[in-house]
1. Just give me the residues in region 136-157 being more than 18 Å from residue 184 (Cα to Cα) and in contact (Cβ under 8 Å) with a residue 24 or more places away in the chain, in sequence order.
2. Starting from region 69-91, keep only residues that are in contact (Cβ under 8 Å) with a residue 24 or more places away in the chain, then list their pairs with residues that are charged (D, E, K, R) and open to solvent by 70 Å² or more (accessible area, probe 1.4 Å) whose Cβ atoms are within a distance under 8 Å, requiring at least 6 positions of separation or different chains.
3. What about residue 99, is it of a type in the set (D, E, K, R) and modelled with pLDDT of 95 or more?
4. Looking only at region 153-170, which residues are among the β-branched types (Val, Ile, Thr) and in a helix (DSSP H, G or I)?
5. Please indicate, with yes or no, whether at least one residue in region 124-139 is in contact with a Pro (Cβ under 6 Å, 6 or more places away or on another chain) and either within 14 Å of residue 95 (Cβ to Cβ) or polar (S, T, N, Q) (or both).
6. Is at least one residue of region 41-50 part of a loop (DSSP other than H, G, I, E, B), open to solvent by less than 60 Å² (accessible area, probe 1.4 Å), modelled with pLDDT under 85 and under 29 Å from residue 119 (Cβ atoms)?
7. Considering only region 99-152, state which residues are part of a loop (DSSP other than H, G, I, E, B) and either open to solvent by 20 Å² or more (accessible area, probe 1.4 Å) or among the small types (Gly, Ala, Ser) (or both).
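The values are calculated or read from the model by the stated rules, or taken from the named source; none is laboratory data. Treat the numbers as computed from the prediction; the structure is a model and nothing was measured. Every residue, glycine among them, receives a Cβ derived from its backbone with ideal geometry; neighbour counts consider all protein chains shown. Accessible surface areas use protein heavy atoms only, side chains included; no ligands, DNA or RNA. Shrake-Rupley method; radii C 1.70, N 1.55, O 1.52, S 1.80 Å.
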Amino acid sequence: HACYLMDRLFASEKLNQKSARDMYQLVAMLSILLAAKFDETARSAPTMAELNEMSEGAYTAELFCATELAALEFLNWSVVVITPMSYLRHFMNASLTHDEDLDGELSKVVVLLAGLALQDFSFAFFPPSLICATIVCCGRMLVKEKLGSSIEVWPEHLQALAKYTKEDLSKCLRRMLSKYERFFGGVK
């Protein structure tokens with residue numbers, strides 16, 4: 001998300017002038033800050049003071065605020081990016097079984113699969129919601145196999161929530177399983 005915002009901000013003619021090059025670090029830090037404000041909890045988002053400390057005090061609070069406002073105005077206040085992670089918490093909450101061991105393992109596997117998918121450009125051709133649904137479905141499949149659980153891989157309530165059948169997920173699911181197998185070994 002921060003990279004997306006930074007790319008959009010660096011497209012500005014003002015930032016592409018030689019005189020603006022000393023602002024690159026500030027714009028990069030503000031991109032992180034803006035993304036964190038939308039993607040993180042208030043506790044985990046960095047503060048302006050923390051970002052300024054990382055820059056060894058290069059910028060005043062006033063400059064941070066003025067530049068943040070200018071960046072938001074340049075972006076027309078359009079800073080939301082829909083990614084698979086936008087859906088993950090919602091889909092995972094609906095996927096929980098209330099079995100502590102099973103849910104713990106499922107959470108670990110889903111985070112691992114999300115990392116694999118987000119690092120592989122071949123997944124960029126699928127809608128973010130489908131990628132996330134595939135991550136959860138694949139996670140349930142792998143946990144079912146690993147723990148010998150009777151968990152249903154893609155139950156009706158998840159199909160209704162995600163608006164995808166298992167068949168809708170099949171192409172992305174094959175890609176996800178193939179990637180998982182390449183990194184971690186076979187799936188039965």
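1. Of all residues in region 136-157, those more than 18 Å from residue 184 (Cα to Cα) come to 148-157.
Selection gives 149, 151, 157.
2. Going by the 8 Å Cβ cut-off, the qualifying pairs are 85/39.
3. Criteria not met by residue 99.
4. Filtering region 153-170 down to residues among the β-branched types (Val, Ile, Thr) leaves 153, 165.
Once the filter is applied, which keeps residues that are among the β-branched types (Val, Ile, Thr) and in a helix (DSSP H, G or I), region 153-170 yields nothing.
5. Here is the first cut: in region 124-139, the residues in contact with a Pro (Cβ under 6 Å, 6 or more places away or on another chain) are 128, 131-132.
Next, only the ones that are either within 14 Å of residue 95 (Cβ to Cβ) or polar (S, T, N, Q) (or both) stay: 132.
Within region 124-139, one or more residues are in contact with a Pro (Cβ under 6 Å, 6 or more places away or on another chain) and either within 14 Å of residue 95 (Cβ to Cβ) or polar (S, T, N, Q) (or both).
6. Going residue by residue through region 41-50, those that are part of a loop (DSSP other than H, G, I, E, B) are 41-47.
Applying the additional criterion that residues be open to solvent by less than 60 Å² (accessible area, probe 1.4 Å) yields 45-46.
This time we only want the ones that are modelled with pLDDT under 85, so: 45-46.
Pick out the ones that are also under 29 Å from residue 119 (Cβ atoms) and you get 45-46.
Yes: one or more hits.
7. So in region 99-152, the residues part of a loop (DSSP other than H, G, I, E, B) come out as 99, 119-120, 126-127, 148-152.
Residues satisfying the conditions are 99, 119, 120, 126, 127, 148, 149, 150, 152.
For every residue, the table says whether it meets (1) closer than 28 Å to residue 1 by Cα; (2) in contact (Cβ under 8 Å) with a residue 12 or more places away in the chain.
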site	(1), (2)
95	yes, yes
102	no, yes
109	yes, yes
124	yes, no
134	yes, yes
164	yes, yes
178	yes, no
